[in-house]
Structures are given as C-alpha cells and as structure tokens.
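The values are calculated or read from the model by the stated rules, or taken from the named source; none is laboratory data. Everything numeric here is computed off the predicted structure, so don't read it as measured data. Cβ coordinates were reconstructed from backbone atoms using ideal geometry, including for glycine residues, and neighbour counts include every protein chain displayed.
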Amino acid sequence: MKNVKEILVDFIKAIILGLVISAAVGGVLFLAGFLAGGFHGDKGLEVGKDGLLLIASLGMFLLAGMLLSKGKKPEQFTEMDSWRKHFRIIGYKTAIGIVCAAFLTVASVMDGMM
C-alpha cells in the first residue's frame, strides 16, 4: 500500500509539473501570437496550440528514442540521486511521458477555446 501511495504522489507531482510548465509556455506563445497577429485572440490561441503540440511531439520523439536505444548500449543516468529527491518511484522516462501528456492536454484546451 505504501508503494501505491508513493507512485500516486509521484504521478500527481509529474502531472502538476507538466501542467504548470505547459501553461507557462502556452501563455508565452499565446502572448507572442496575440501581439504578432494584430491583437486577435484567435491568432494567439492558434500559435499557443501549435507551439505546445510541437513541443509535445518533440518530447515524444525524444522518449521514443530513449526507449528504442535502451538495449543497445545503456548509459547510466548520472543524476539519479538528485532525481530521487523529487520522484521516489517513477523514472525520468515516465516523467517525460507524463509531461508530454500534460502539454497535449493544455493544447487540447486551447484548441477547444478556439
């Protein structure tokens, strides 16, 4: 039961971290699109959504590359001790996947607002 609780805490931390980062990036991209698009909210939402989708897809490609190359010549993650201060159970690959899903969630919300 203790491990399940720690896994849930780690997942919630990763989701919150991903949502905060993606909301900040989406806000900056929205502002850039709003200013460059002639002060139209639709242009800001479009730029924000497209930027978040681009970042999420690049993160997923990075994750896929890490998963595919795992068996070829695995390198040790040198910062594992400092990683465990923040996430006790889940690894960095799982956290990257959760953050990418959060980016997709915020992009979907921006798309729904359009």
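Please specify each residue of region 84-100 satisfying the condition of being assigned to a helix (DSSP H, G or I), within 17 Å of the chain's Cα centre (by Cα) and more than 14 Å from Leu58 (Cβ to Cβ). Let's see the steps before the verdict.
Narrowing region 84-100 to residues assigned to a helix (DSSP H, G or I): 84-86, 92-100.
Filter again for within 17 Å of the chain's Cα centre (by Cα), leaving 86, 92-100.
Selection gives His86, Tyr92, Lys93, Thr94, Ala95, Ile98.
A single entry from Lys70, Lys43, Lys85, Lys13 fulfils the requirement of being modelled with pLDDT under 95 and surrounded by 17 or more Cβ atoms within 10 Å (Cβ to Cβ): Lys43.
Residues that are closer than 26 Å to Lys93 by Cα, of a type outside the set (S, T, N, Q) and touching a residue at least 24 places away in the same chain (Cβ under 8 Å) within region 18-49 comprise Gly18, Leu19, Ile21, Ala23, Val25, Gly26, Gly48, Lys49, listed in sequence order.
Annotation note: Cβ proximity below 7 Å between a residue of region 89-114 that is in contact (Cβ under 8 Å) with a residue 12 or more places away in the chain and a residue that is among the acidic types (Asp, Glu) and surrounded by fewer than 15 Cβ atoms within 10 Å (Cβ to Cβ) (sequence gap 6+ or interchain) occurs for Ile89/Glu6; Met114/Asp42.
Residue-by-condition table, conditions (1) outside any loop (DSSP other than H, G, I, E, B); (2) buried (at least 16 other Cβ atoms within 10 Å of the Cβ); (3) at pLDDT below 90:
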site	(1), (2), (3)
Gly26	yes, yes, no
Gly38	no, no, yes
Ser57	yes, no, no
Gln76	no, no, yes
